[in-house]
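Comments concern the structure below.
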Amino acid sequence: MTEILKAKDRREREGWYDKFAPPNAKGIDIGGGCKPQTQLHPDNENWTVWDMCKGDGDATFMKGVPNNHYDVVHASHILEHVKNPKRALFNWYRILKPGGHLIVLVPHRDLYEKKLAPPSRWNHDHKTFWVPHRPEEDAPPTTKGLLDEILGALPRARVIQLRILDEGFKSAGDYEHSLGEYSIEAIVRKVLS
C-alpha cells in the first residue's frame, strides 16, 4: 500500500486536504507513479503526476516545469532516492507559487529502516536515511535531518509543520517490514515575494 493511501483516512479526519491540498488547487505529485492521475486527488484534473516511469525527467531538477506554477507540490517518499536532496528541495520550491505548500514525506530512519546506514533492507535505491531534525553527531553522512535540509536549501521558506506520522505503526522486528505509517512529514509555505 502506498504511503498516500495509508495516510488518507487520517488526513481526512484532520482536515489536512482542505488546509494543504484543497481539491481546487493546481498540484503536482512528484513520484506519484505511472498512472496519469495522482492518488492524492485521483478525480481532479488540476493535479498531475511527475514520475520517471512516465518518461518525465529527473525529479531533482524538474526540467521544463516553470517557476511559480503550482499551488501544491507533493513529494512522498522520493527525497531518499535523489543524489542531491537540497537541489531537489530547491527545485520543488521553485515550481511552487508564492503562498503555496511544498509537502515532503520521507521514511523515518528508526521506524522504517531500523538501522543507521544504507543499504536499506527494504529499498536498495535509498541513498539517504532520514530523521526529523539534525542527526546525531556520530551518525553517518547518509543520515539527514529533514528540517536541516529544508532550511539549508530554502533559507527564506516558512516551515509550518514538521511531524512524525506513525498512525497504525507496528514494528515487526528488524528484519520484517513494519505496518502502518512510518514517515516524517514537512509542510513548507512559500513566502510571498
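The values are calculated or read from the model by the stated rules, or taken from the named source; none is laboratory data. Keep in mind the model is a prediction, meaning the values are calculated, not measured. For neighbour counting, all protein chains shown are included, and Cβ atoms are generated from backbone atoms with ideal geometry for every residue, glycine included.
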- With respect to Pro141, determine if the residue is in a strand (DSSP E or B) and more than 16 Å from the chain's Cα centre (by Cα). no
- What number of residues within the stretch 107-144 are crowded, with 20+ Cβ neighbours inside 10 Å and closer than 17 Å to Arg87 by Cβ? 3
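Would you confirm whether any residue within the stretch 137-156 is at positive phi and of a type outside the set (A, V, I, L, M, F, W, C)?
Scanning the stretch 137-156 turns up no residue that is at positive phi and of a type outside the set (A, V, I, L, M, F, W, C).
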- Query: For the stretch 63-84, which residues satisfy the criterion of being of a type outside the set (A, V, I, L, M), within 24 Å of Gly99 (Cβ to Cβ) and touching a strand residue (DSSP E or B) at 6+ places or on another chain (Cβ under 8 Å)?
  - Reply: Asn68, His69, Tyr70, Asp71, His74, Ser76
- Report, by residue number, each residue of the stretch 138-161 that is among the hydrophobic types (A, V, I, L, M, F, W, C) and within 20 Å of His126 (Cβ to Cβ). Ala139, Leu146, Leu147, Ile150, Ala153
- Within the stretch 58-69, can one find any residue that is over 12 Å from the mean Cα position of the chain (by Cα) and in a helix (DSSP H, G or I)? no
- Report yes if some residue within the stretch 111-125 is part of a helix (DSSP H, G or I), under 30 Å from Ala139 (Cα atoms) and of a type in the set (A, V, I, L, M); otherwise report no. yes
- What pairs can you find where one residue is in the stretch 81-110 and at positive phi, the other is at pLDDT below 95, and their Cβ atoms are less than 7 Å apart, with a gap of 6+ or different chains? Gly99/Leu192
- Item | Filter result (aliphatic (A, V, I, L, M), closer than 18 Å to Leu96 by Cβ and assigned to a loop (DSSP other than H, G, I, E, B)) within the stretch 1-51 | Ala21, Ala25, Leu40
- Query: Looking only at residues in the stretch 152-179 that are crowded, with 16+ Cβ neighbours inside 10 Å, within 18 Å of the chain's Cα centre (by Cα) and not in a strand (DSSP E or B), which one is modelled with the lowest pLDDT?
  - Reply: Ala157
- Message: For the structure I just gave you, tell me whether Glu136 is modelled with pLDDT under 95, acidic (Asp, Glu) and touching a strand residue (DSSP E or B) at 6+ places or on another chain (Cβ under 9 Å).
- Response: yes
- Item | Per-region count, the stretch 9-32, residues surrounded by 12 or more Cβ atoms within 10 Å (Cβ to Cβ) and more than 16 Å from the chain's Cα centre (by Cα) | 7
- Note on the structure: Checked the stretch 60-80 for anything closer than 16 Å to Val49 by Cα, of a type outside the set (A, V, I, L, M, F, W, C) and touching a residue at least 12 places away in the same chain (Cβ under 8 Å); matches are Thr60, Pro66, His69, Tyr70, Asp71, His74, Ser76, His77
- Task: Give me a count of the residues in the stretch 1-39 that are over 23 Å from His126 (Cα atoms) and not aromatic (Phe, Trp, Tyr).
- Result: 19
- Task: Inspect the stretch 33-53 for any residue being within 15 Å of the chain's Cα centre (by Cα), small (Gly, Ala, Ser) and modelled with pLDDT under 95 and give the result as yes or no.
- Result: yes
- Filter result (assigned to a strand (DSSP E or B) and surrounded by fewer than 23 Cβ atoms within 10 Å (Cβ to Cβ)) within the stretch 77-99: Lys97, Pro98, Gly99
